[in-house]
1. For segment 132-145, in order, what is each residue's ³J(HN,Hα) by Karplus, 6.51 cos²θ - 1.76 cosθ + 1.60 with θ = phi - 60°, in whole Hz (x at glycine and Pro)?
2. At a 10 Å Cβ-Cβ cut-off, how would you order Thr96, Thr112, Thr150, fewest neighbours first?
3. For the pairs Lys91/Lys142; Lys21/Lys105; Lys21/Lys160; Lys86/Lys135; Lys30/Lys142, note any where the Cα-Cα span goes beyond 22 Å.
4. Which residue, Phe46, Val78, Ile153, has the largest displacement toward the positive end of the dipole of segment 11-160 when charges sit on each Cβ (Lys, Arg +1; Asp, Glu -1)?
5. Taking K and R as +1 and D and E as -1, what net charge do the other residues with C-beta under 11 Å from the C-beta of Gln27 add up to?
6. Arranged by the count of other C-beta atoms within 10 angstrom, fewest first, what order do Phe151, Phe140 take?
7. Return the long-range amide H neighbours of Leu122 (sequence gap of 5 or more, or a different chain), with a cut-off of under 5 Å between placed amide H atoms.
8. Output the antiparallel fraction of DSSP beta bridges having both residues in segment 11-160, as a percent to the nearest 5.
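The numbers here are math on the coordinates, done by the rules we state, and not lab data. Please read these numbers as outputs of a predicted model, since none were measured by experiment. Heads up, the Cβs are rebuilt from the backbone with ideal geometry, glycines too, and the neighbour counts pull from every protein chain shown.
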Amino acid sequence: MNLVVNTPHEVSGDENNLVEKVPQWHQLDKALALAKESGKHIVVNFYTDWCPNCKRMDERTYHDDNVLEQLKDGFISVKINAESSKLLIIKGQTVTEEQIANMFKVDLYPTTWFLSPDGRPLMPLRGYYGPKTFKPVLQFVKGKWYESMTFDIYMKRKDKK
């Protein structure tokens, strides 16, 4: 069973030095195990095939070098088609990607959920986030600042520095 979502990717450099320009997308079942093992947070990108802002986020945010570096260093990345009947086994239960989206109450696309390394839901981002606004959110989650303050307070403190 192939656990990595096949996603077209861009490469840079010559053919001897290929560098992927997209996150390594995993299915949620595999990501939960990887996060528990590595201590990394999980970022779940809920999308639909017809959503223009989902495509925009893929093209801009998830191709940005700074965002890619943050994702690689601190996260296990997951991509879920909120309208898909693709089956996954989560904690011994067979569920579709659409059912997972419903469990997370996703009703706007894209929606990005952040999960703790043990799989606990932390916070959602509803709608499109460009690279400049997405990167501070990744830093907030990776640094576990959510344990002591809201994102708004984090940004106010960060702006003062």
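1. Per-residue couplings from phi come out as 5, 8, 6, 4, x, 5, 4, 5, 4, 6, 4, x, 6, 5 Hz.
2. Ordered by Cβ neighbours within 10 Å, fewest first: Thr150, Thr96, Thr112.
3. Distance filter (> 22 Å) returns Lys91/Lys142; Lys21/Lys105; Lys21/Lys160; Lys86/Lys135.
4. The listed residue farthest towards the positive side: Ile153.
5. Neighbourhood net charge equals +1.
6. Fewest-to-most Cβ neighbours within 10 Å comes out as Phe151, Phe140.
7. Phe114, Leu115, Ser116
8. 65
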